[in-house]
1. Return yes when P108 is in a loop (DSSP other than H, G, I, E, B), at pLDDT 85 or above and closer than 19 Å to A142 by Cα and no when it is not.
2. For the stretch 23-66, how many residues meet the condition of being assigned to a loop (DSSP other than H, G, I, E, B) and over 12 Å from F83 (Cα atoms)?
3. If a residue must be exposed (fewer than 11 other Cβ atoms within 10 Å of the Cβ) and modelled with pLDDT of 50 or more, how many such residues does the stretch 14-33 contain?
4. Kindly provide the set of residues from the stretch 111-139 that are modelled with pLDDT of 90 or more and in a strand (DSSP E or B), ordered by number.
5. Which residues, counting only those in the stretch 109-127, are within 17 Å of Y52 (Cα to Cα) and loosely packed, with under 14 Cβ neighbours inside 10 Å?
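The values are calculated or read from the model by the stated rules, or taken from the named source; none is laboratory data. Just so we're clear, the structure is a prediction, and the values are computed from it rather than from any experiment. Note that we place each Cβ from the backbone using ideal geometry, even for glycine, and neighbour counts take in every protein chain shown.
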Amino acid sequence: MKANILIITAMLTIFSCKAQQNNNYSKSYSENVTKLKKVIPNKVSFYGKPLYTFLQDLNDKNITIREGYNADEWDNDKLRLYFIDWDSRNTLKDGEIASSILITFDKPFEKDKASSIVKENRAKWNENMVNFFKDMIIKEIAFENVSGINALGSKPK
């Protein structure tokens, strides 16, 4: 009997924590998108400039990058930035999405070196990653999944 009560209590605790994580993400998503919507109208002002100018603007607006990686294994001119980490993205409820920024650079970068830096810390955004990408010139910026937490596939802004 005590074992059953213990199991039920453990299950309720786990589900309660999972629900709390999702509520926190929903709030975090809304806060980030509100901040990002202040950056979106001015994104073209960063075209032709080094990435560090854009990163500074995000920092000035209290937008925290959690992860970054080359957007596609086969593309060596793109960087995707996320505001939550991989583990948190795996806890999202069905239909929920994570917003991101897809940056295309004007010249390709060394894909193997970028992959090595990204893998060092499981894609967590860090000083090594900033140093690798910071001087690359931005060609284009796309803000993805900023139309609502459940608006998967919405047109990038």
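1. Working: in a loop (DSSP other than H, G, I, E, B): yes; at pLDDT 85 or above: yes; closer than 19 Å to A142 by Cα: yes.
When the stated conditions are applied, P108 passes them.
2. In the first step, residues of the stretch 23-66 are kept if they are assigned to a loop (DSSP other than H, G, I, E, B); the result is 47-49, 61-66.
Subsequent filtering for residues that are over 12 Å from F83 (Cα atoms) retains 47-49, 61.
Matching residues across the stretch 23-66 total 4.
3. Residues flagged as exposed (fewer than 11 other Cβ atoms within 10 Å of the Cβ) and modelled with pLDDT of 50 or more within the stretch 14-33 amount to 2.
4. Matches in the stretch 111-139: I137, I138, K139.
5. Narrowing the stretch 109-127 to residues within 17 Å of Y52 (Cα to Cα): 109, 114, 125-127.
E127 - this is the single residue of the stretch 109-127 that is within 17 Å of Y52 (Cα to Cα) and loosely packed, with under 14 Cβ neighbours inside 10 Å.
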